[in-house]
There are 4 protein chains.
Amino acid sequence: MHHTFRLIIDCPDQVGLVAGVSQFLADHNASILEASHHTDLQTGRFFMRHEISTDSINLSYDRFIEEFTPLANHFQMEWKLTDSSKKQRVALLASLESHCLVDILHRWHTGELHCDIPCIIGNHPQLKQFADWYKVPFHWVDFKTLGKEAAFKQIEVLLDEYKIDLTVLARFMQILPDSLCKKLAGKVINIHHSFLPSFAGAKPYQQAYERGVKLIGATCHYVTSDLDEGPIIEQSVKRISHSDSATDMVRKGKDCEVNALAHGVRYHLEDRVIIHHNKTVVFA
Amino acid sequence: MHHTFRLIIDCPDQVGLVAGVSQFLADHNASILEASHHTDLQTGRFFMRHEISTDSINLSYDRFIEEFTPLANHFQMEWKLTDSSKKQRVALLASLESHCLVDILHRWHTGELHCDIPCIIGNHPQLKQFADWYKVPFHWVDFKTLGKEAAFKQIEVLLDEYKIDLTVLARFMQILPDSLCKKLAGKVINIHHSFLPSFAGAKPYQQAYERGVKLIGATCHYVTSDLDEGPIIEQSVKRISHSDSATDMVRKGKDCEVNALAHGVRYHLEDRVIIHHNKTVVFA
Amino acid sequence: MHHTFRLIIDCPDQVGLVAGVSQFLADHNASILEASHHTDLQTGRFFMRHEISTDSINLSYDRFIEEFTPLANHFQMEWKLTDSSKKQRVALLASLESHCLVDILHRWHTGELHCDIPCIIGNHPQLKQFADWYKVPFHWVDFKTLGKEAAFKQIEVLLDEYKIDLTVLARFMQILPDSLCKKLAGKVINIHHSFLPSFAGAKPYQQAYERGVKLIGATCHYVTSDLDEGPIIEQSVKRISHSDSATDMVRKGKDCEVNALAHGVRYHLEDRVIIHHNKTVVFA
Amino acid sequence: MHHTFRLIIDCPDQVGLVAGVSQFLADHNASILEASHHTDLQTGRFFMRHEISTDSINLSYDRFIEEFTPLANHFQMEWKLTDSSKKQRVALLASLESHCLVDILHRWHTGELHCDIPCIIGNHPQLKQFADWYKVPFHWVDFKTLGKEAAFKQIEVLLDEYKIDLTVLARFMQILPDSLCKKLAGKVINIHHSFLPSFAGAKPYQQAYERGVKLIGATCHYVTSDLDEGPIIEQSVKRISHSDSATDMVRKGKDCEVNALAHGVRYHLEDRVIIHHNKTVVFA
């Protein structure tokens, strides 16, 4: 994996913007491994992502920030620079279903997901065994005993203590309180087991079965206070037919969930996602 | 194309049913080209479709009906026998968009869709040119001048006069009145330009754009009085991203529509669809 | 999961065959959960699979065999009856790549794959850690020290000792000797990392990169003496573009491999695959 | 549809390249509707496509060429500037199968494909009827009477006379002679009815049937002297099973062909394809 800086920009579209940024990069001898642009013609908003080889550029991270700031201010950018060698710290929250948790852990273990996973939190103790194998501390937060409010307070403390950058709800069957959604805005990813906006809420497979759809799916999205309404990062679908039993639908659905979540988390970790209102730009 | 009888059965699941039917077929020397079964374990309903070579069987269509009736009654079957050489009479209803109409006409012209198309009805005159080329009578029913009630009365008369078996709404932008939905139950197929139940109603692409979904689609379904709620026959989806403009979405959507409608119509014409409550069994 | 008998039949197509089988089943009060037929019109061969609830049928496994044999002989059937509660014994063979191994193990662990996994064999020791977690004995067969012939002899002994029914090559990077292919015909499943017949042999991703294809894939097939030429059970593909690096192609390819292998193994374990010459009938 | 200039660049990757181009565009007030870059890290080659609103830029087409040339030379660019309002002139060549021809014609008719179609050439007279409807001159080149050499000479003359920019082989069942392949390099698109490199050559569906693959497909590629070996623009696949007859495979295959060809032709017409050795960069 190349060591890179990633420059992410979101600003009003303006003539001279790309030239300004590219000239800055050229002036510092930056070799660009990947560049993606998008102009939203409806809102006049411009989005840009550069992946820059650190071998090439004659700026440290701090000097880049310092020297780029005037240009950023000039163009009214919301922007960030990330260093690919600084791994984000990811917390996995899960309940009883293991498929998403295990898939994320395995992709992390083999290096496909470039991050640290300092903790796993469960509202049930059963998945501890997987955490143990991967040598990740497991915290059982007992919602039944504590009550929902205290339980989420405990989770919040854990996320703070572990200095978590990204929280992944890997089939975590508890609804985050408003306050936490707001505090962690853009930093919590959920996997919903339907192709939203169809079948929001509970029991999507049952809903899908009853409606007789011919495709089922899963949706990976950022969590907001509006349940199942957050910005969508990725969706995955599979074909079903009358001959698929409830078991078959769950099995196919799980594959969709694993697939959509793995993509969504990777896009986030590689700084490929920009949230814009309630939608995402994903430089996949 | 083989000349076949198609035997379609829908009845309570019972031991001895398949044996009874198969024995009947064997007794008359029937060679079976295709056989499909399905048991809905939740409702205990059984569905069966046989495609029987007429070369092999020693029964005429009428004698088959006569001789099979006692068995059918014994097992409380809803059933039908169709003769593949008797083409269904299909009316196409369209408005201004030509893609679905032209696709169906071309598949009919090349023999992929085995039916007669005795008339095309438009609520605008523009698509007459396509009808002319395919030498199909075109009827312009002028909703603006006539008003909706009289216009649909005229359509109803046309469908009766042409002895239409199946009405296909090939992007026909008028909502059928209740009475017509009921009269033609199970005999009107619509193509909706979203992956229902998402984005029912008007302007699905705009809705999809605003929600920021990563897949768009189309749904082919039977028309019922509940708008966009009828039994789904087929769905088709395509991947979209932030970089797809409204034009791109419409283009991709059209391909989904054409695809889902062509499948849905063919399945219906080949007697592959059984409606069961608000769902379908499709022996694709 | 229902306890079922699965009756798998492969014989010349004949009038009276389905009737004979169905009558036999009805006579013994069999409730059929799933029935699939296929006639190969080119070869005149008939294939049939029944999944029969053991709750319903008034025959033990042994009596079924005994009583069905005359009928089977009459119709010159190749056939088998399996009992869903008798788990097949599966050996997993792997090398260094863990993705297929871990996926199969997890699906087994969660009950999606209904089998026993009494041993894992590696030609490298590295994957032992996964075997340990799942508490499956791991055997390192050291090809380098032993030489290929002795190593495969050792594997053969292990497969015999563990009474293995199905051997799964989960990215096992050694070519089975002819003798073993023949001995285990129809009982060894491999995953090849290309959409065969494209890019058979080594380094399929490099081949795909050089040819500039827009789709990559994976193929799950039975192993025969003709390398990469055995009967295909399942294939899976993903879209790629010029912007996919070698790393991206490997990542996408892995997802295809996992997907195709999981399907192929499940179809085999559920007796859904019938090998016919160099092809398969898969009652998915 | 916006009126745009499209600037297509292919050159050695160099620091300062993007800055140079962007600064040039900014200096002339260009508003960029779409920008795509790609660096081939293996060959160190850089590819870039800009779609520039002509409303914004203060340069005529000719002045743009003139003023950009020094920069282009400096960076050793192979480049071109196209004007979206200048339609390419497309010749369609077909034989007896109408599906690809009719699909291209319809997409052209509805404005999805932005080009002129001044002539259709057939080696059989049957498809003239479609040409007539769309009011496109049809030329029957009678290969049987003329012999292959004279026939292709006649086609070459037609392509010259009509000043054709792009020749589309819409299931044209004749192999272009070497000389024509070379003369029209990068300007002839073919649709092959398999997912190349599988099943190159004749009768791909029969080959696919015999090999027992579970996916069939189609490949849209540029024509070169090496039959079926030219740079691939787009591929499309569909799932098949044992139950698909030869007719089913042809039907599914046709849908793949129509799909892949429509995409390939559109990408070419919108200057989204850059040929690089025997591969393509497609800024889809």
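The values are calculated or read from the model by the stated rules, or taken from the named source; none is laboratory data. Nothing here was measured: the structure is a model prediction, and the numbers come from that model. Cβ: placed from backbone, ideal geometry, glycine included. Neighbour counts: every protein chain shown. Each accessible area value is taken on the protein alone, full model and side chains, heavy atoms only, with ligands, DNA and RNA left out. Shrake-Rupley method; radii C 1.70, N 1.55, O 1.52, S 1.80 Å.
Numbers below:
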| read-out | value |
| --- | --- |
| Odd one out for A:Asp62, checked against (1) closer than 25 Å to A:Lys279 by Cα; (2) not assigned by TED's automatic domain parsing to the domain that holds A:Asp160 | (1) |
| Filter result for A:Leu105 (open to solvent by less than 40 Å² (accessible area, probe 1.4 Å), within 14 Å of chain C (Cβ to nearest Cβ) and closer than 28 Å to C:Leu96 by Cα) | yes |
| Qualifying residue in the stretch C:53-64 (condition: under 26 Å from B:Ile52 (Cβ atoms) and not basic (Lys, Arg)) | no |
| Test: residue in the stretch B:234-250 that is under 16 Å from B:Leu169 (Cα atoms) and facing chain A (nearest Cβ under 10 Å) | yes |
| Filter result for A:Thr247 (assigned by TED's automatic domain parsing to the domain that holds A:Ile189, within 30 Å of A:Ala185 (Cα to Cα) and open to solvent by 10 Å² or more (accessible area, probe 1.4 Å)) | no |
| In the stretch D:78-102, residue least open to solvent (accessible area, probe 1.4 Å) [restricted to those that are polar (S, T, N, Q) and under 17 Å from the mean Cα position of the chain (by Cα)] | D:Ser84 |
| Test: B:Glu234 is modelled with pLDDT of 95 or more and open to solvent by 10 Å² or more (accessible area, probe 1.4 Å) | yes |
| Which numbered condition A:His192 fails, given (1) more than 9 Å from chain B (Cβ to nearest Cβ); (2) of a type outside the set (D, E, K, R); (3) over 30 Å from C:Ser36 (Cα atoms); (4) surrounded by fewer than 22 Cβ atoms within 10 Å (Cβ to Cβ) | (4) |
| Residue check, B:Glu34 closer than 23 Å to C:Gln14 by Cα, part of a helix (DSSP H, G or I) and open to solvent by 30 Å² or more (accessible area, probe 1.4 Å) | no |
| Residue count for the stretch C:114-127, restricted to those that are within 13 Å of chain A (Cβ to nearest Cβ) and either more than 19 Å from the chain's Cα centre (by Cα) or buried (at least 21 other Cβ atoms within 10 Å of the Cβ) (or both) | 2 |
| Given (1) in contact (Cβ under 8 Å) with a residue 40 or more places away in the chain; (2) away from every other protein chain (no Cβ under 14 Å), number of the condition B:Pro177 does not satisfy | (1) |
| From the options B:Leu176, B:Leu169, B:Leu196, residue that is within 21 Å of B:His277 (Cβ to Cβ) and in contact with a strand residue (DSSP E or B) (Cβ under 6 Å, 6 or more places away or on another chain) | B:Leu196 |
| Enumeration of residues in the stretch C:14-33 that are out of contact with any strand residue (DSSP E or B) (no Cβ under 8 Å at 6 or more places or on another chain) and at the interface with chain B (Cβ under 7 Å from one of its Cβ atoms) | C:Gly16, C:Ala19, C:Ser22, C:Gln23, C:Ala26, C:Asn29 |
| Among (1) in contact (Cβ under 8 Å) with a residue 24 or more places away in the chain; (2) more than 9 Å from chain D (Cβ to nearest Cβ); (3) of a type in the set (S, T, N, Q); (4) under 21 Å from D:Ile52 (Cβ atoms) - the single one A:Ser36 does not satisfy | (2) |
| Candidate set from the stretch D:40-50 (those that are surrounded by fewer than 20 Cβ atoms within 10 Å (Cβ to Cβ) and of a type in the set (D, E, K, R)); member that is farthest from D:Val282 (Cα to Cα) | D:Arg45 |
| From D:Leu261, D:Leu215, D:Leu269, residue being buried (at least 17 other Cβ atoms within 10 Å of the Cβ) and within 7 Å of another protein chain (Cβ to nearest Cβ) | D:Leu215 |
| One residue from C:Glu66, C:Glu51, C:Glu78 being of a type in the set (Asp, Glu), free of Cβ contacts under 8 Å to residues at least 60 places away in the same chain and touching a strand residue (DSSP E or B) at 6+ places or on another chain (Cβ under 6 Å) | C:Glu51 |
| Qualifying residue in the stretch A:257-276 (condition: over 19 Å from the mean Cα position of the chain (by Cα) and not charged (D, E, K, R)) | no |
| Candidates C:Gly230, C:Gly201, C:Gly217 - the one that is touching a residue at least 12 places away in the same chain (Cβ under 8 Å) and on the phi > 0 side of the Ramachandran plot | C:Gly201 |
| Output for the stretch D:6-31, where each listed residue is part of a strand (DSSP E or B) and either outside the structural domain of D:His74 (by TED's automatic domain parsing) or closer than 24 Å to B:Ser241 by Cβ (or both) | D:Arg6, D:Leu7, D:Ile8, D:Ile9, D:Ser31 |
| Residues located in the stretch D:131-183, provided they are open to solvent by 40 Å² or more (accessible area, probe 1.4 Å) and within 18 Å of D:Asp103 (Cβ to Cβ) | D:Asp132, D:Trp133, D:Lys135, D:Met173 |
| B:Thr145 being modelled with pLDDT of 95 or more, part of a helix (DSSP H, G or I), of a type in the set (Ser, Thr, Tyr) and not assigned by TED's automatic domain parsing to the domain that holds B:Ala19 | yes |
| Residue match in the stretch D:175-194 (condition: touching a His at 6+ places or on another chain (Cβ under 8 Å) and either assigned to a loop (DSSP other than H, G, I, E, B) or among the basic types (Lys, Arg) (or both)) | no |
| Filtered residues of the stretch D:63-73 (kept if open to solvent by 20 Å² or more (accessible area, probe 1.4 Å), of a type outside the set (S, T, N, Q) and away from every other protein chain (no Cβ under 13 Å)) | D:Arg63, D:Ile65, D:Glu66, D:Glu67, D:Pro70 |
| Residue within the stretch C:54-62 that is at the interface with chain B (Cβ under 10 Å from one of its Cβ atoms) and open to solvent by less than 50 Å² (accessible area, probe 1.4 Å) present | yes |
